[in-house]
Amino acid sequence: MNKSAKRTDGRRADGGGQLWLRLPAMVREALYDTLMVTGLACMDEVLEAERAALCGVRYAHQAQRQAQRAGHVPSSLVLGGRRVTVSRPRVRSVAGRELKLPSWREWSARDPLEARALEQMVLRVSTRRYARSLEPLPAPVATRGTSKSAVSARFVYGTERKLGELLSRDLHGLKLVALIIDGVHFGQHVVLAAVGVDERGHKHVLGLREGATENAAAVKALLADLVERGLDTNRSLLIVIHGAKALHKAVAEVFGRRALIQRCREHKKRNVTEALPERLRAGVRSAMVQAYATRNAKCARRLLENLARQLEHQHPGAAASLREGLEETLTVMRLDLPENLERILSSTNLIENLFSRVREIGRRVKRWQSGTMLLRWTAAGVIEAERGFRKLAGYRARPTLVAALRAHDAQLDRSEGKLDTAQDAA
C-alpha cells in the first residue's frame with residue numbers, strides 16, 4: 001500500500017491530516033491579520049483625505065491657504081482592549097495653531113479601555129493575564145496599555161465611577177413595596193446593602209455603605225442617603241432586616257409606623273441554634289421550620305412559644321433568642337401572600353445571593369486594604385449581577401402585597417385623623 005494513500009476517514013496516512021486540521025485556524029488568523037492591517041490602512045487614508053481637505057493638494061500652490069501640513073506624530077488609539085501605536089498626520093493653521101482632524105477627534109474621544117478592563121476583571125481575568133485574554137494583533141502593530149499596573153489603574157478608575165453612579169441613583173418616583181437591608185462580611189469589613197422591590201416585581205440595588213449593622217450611625221447614614229435621593233417614607237413599606245437592634249431602631253426612626261418590619265427567619269434560626277449544643281441544633285431548627293411552614297401566624301406563634309418554654313430551663317439563652325422579636329418574624333405571614341412570595345420576603349437571602357457574585361469576582365483578593373476598596377469591588381459585582389436580575393419569584397401576586405400596604409396606609413391615616421381631631425377638640 002502506498003504510504004501517501006488516503007485513509008478511509010479522509011485524512012492522509014502520512015500526517016498530512018494535521019495540516020488539514022490546522023487550516024481553519026490558519027485561515028482565521030490570516031483573515032484577522034488582514035482585517036486589522038487593512039483597517040489601519042483605511043484609517044490612514046481617511047486622515048490624509050481630511051488633511052488634504054484642509055491644506056489642499058500636496059505641493060499645489062494656494063494663495064488663500066488657511067492650514068498647512070506639519071508632518072506626523074506618534075499617537076495611539078484604542079483597539080481590541082489595548083492601545084495601538086499609529087502615526088498621526090498633523091495640521092497647523094497659518095497662525096501656527098494645532099488643528100484636529102474631525103475623524104481623529106471622534107476616535108480619540110472614545111476610550112473603551114476602562115470598560116474593557118472592568119469587563120475582563122468581572123469575568124475573573126486577572127490583571128497579569130489580561131494581555132493573554134485579548135485577540136493577538138499582527139506582528140508589525142506596536143501596542144501598549146496591557147501591563148498589570150495599567151490594567152489595575154483602569155479597573156480602580158472604572159470601579160470608582162461605577163460606585164459613584166450607584167450611590168447617586170435618583171429614587172424619586174420609585175414605587176417600592178419591599179426594602180431588604182442586611183450587612184455582608186468581607187474579612188474585617190462589613191458592607192451594608194439596601195435592595196428594593198417595586199410594584200412590578202423588579203429588583204433595584206438602592207445603596208451601599210461600609211459599616212456594621214450593629215453600628216447605628218452607619219445604618220442611619222445609609223437610610224438618610226436613600227431618603228435624600230428620593231425614597232418615599234410616607235407610604236407603608238415591608239422592610240426585611242435581620243435582628244440587629246441598631247438596624248431595627250434606625251428603620252423605626254426613619255419610617256415610623258409606615259414600616260412593616262419583617263425579621264429574617266434564617267437569621268433567627270441561626271441565632272437560636274448557635275446558642276444550643278450541637279446535638280440539639282438539628283431538632284430545634286426542624287421544629288422552627290415546621291412552625292413557619294404552617295403559614296398561620298397564630299399557630300406558628302403558639303408552636304414557637306411552646307418551643308421556647310421547652311428550652312428555657314436548660315438553655316435560657318436560646319429561649320430568649322427565640323422570643324426576641326418573635327412577632328416580627330411573622331409579619332409577612334399576616335399579609336396572606338402566596339407561599340413562594342412569602343418565603344422570599346421572609347429573609348434577607350436576596351442580598352446574600354446578590355453578594356455571591358461579589359465574592360466570586362473578588363475571590364482572588366487576599367486582603368481588603370480599605371473600606372473604599374471593598375465598596376469599589378462591591379459596586380462592580382452588584383452592577384454586574386443586576387444585568388441578570390429577574391423579576392421577584394411570585395411577582396404575579398404583587399397586587400395582594402400592594403393592597404395590604406395601602407390598607408395599612410388607610411388605617412394609619414384614619415388613626416392619625418382621629419388623633420388630630422381629638423387634639424383640636426382639646
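The values are calculated or read from the model by the stated rules, or taken from the named source; none is laboratory data. This is a predicted model, so every value here is computed, not measured. Here the Cβ positions follow ideal geometry from the backbone for every residue, glycine too, while neighbour counts run over all protein chains shown.
Overview of results
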item: Residue in region 314-329 that is surrounded by the most Cβ atoms within 10 Å (Cβ to Cβ), counting only those that are of a type in the set (A, V, I, L, M, F, W, C) and within 21 Å of residue 343 (Cα to Cα); result: 322
item: Qualifying helices (runs of 4 or more DSSP H) (wholly inside region 284-402; at least 3 residues being in contact (Cβ under 8 Å) with a residue 12 or more places away in the chain and in contact with an Asp or Glu (Cβ under 7 Å, 6 or more places away or on another chain)); result: 349-361, 371-386
item: Only listed residue being part of a helix (DSSP H, G or I), assigned by TED's automatic domain parsing to the domain that holds residue 287 and in contact with a Lys or Arg (Cβ under 9 Å, 6 or more places away or on another chain), chosen from 250, 194; result: 250
item: Of all residues in region 122-147 being in contact with a Phe, Trp or Tyr (Cβ under 9 Å, 6 or more places away or on another chain) and modelled with pLDDT of 75 or more, the one that is nearest to residue 386 (Cα to Cα); result: 127
item: Qualifying position, being farther than 27 Å from residue 117 by Cβ, free of Cβ contacts under 8 Å to residues at least 40 places away in the same chain and surrounded by fewer than 18 Cβ atoms within 10 Å (Cβ to Cβ), among 202, 185, 172; result: 185
item: Residue selected from region 130-164 under the condition more than 16 Å from the chain's Cα centre (by Cα) and loosely packed, with under 13 Cβ neighbours inside 10 Å, by the criterion nearest to residue 205 (Cα to Cα); result: 149
item: Where residue 266 falls short, out of the listed (1) of a type in the set (Asp, Glu); (2) closer than 27 Å to residue 414 by Cα; (3) assigned to a helix (DSSP H, G or I); result: (2)
item: Residue in region 98-109 that is assigned by TED's automatic domain parsing to the domain that holds residue 62 and in contact with a Gly (Cβ under 9 Å, 6 or more places away or on another chain) present; result: no
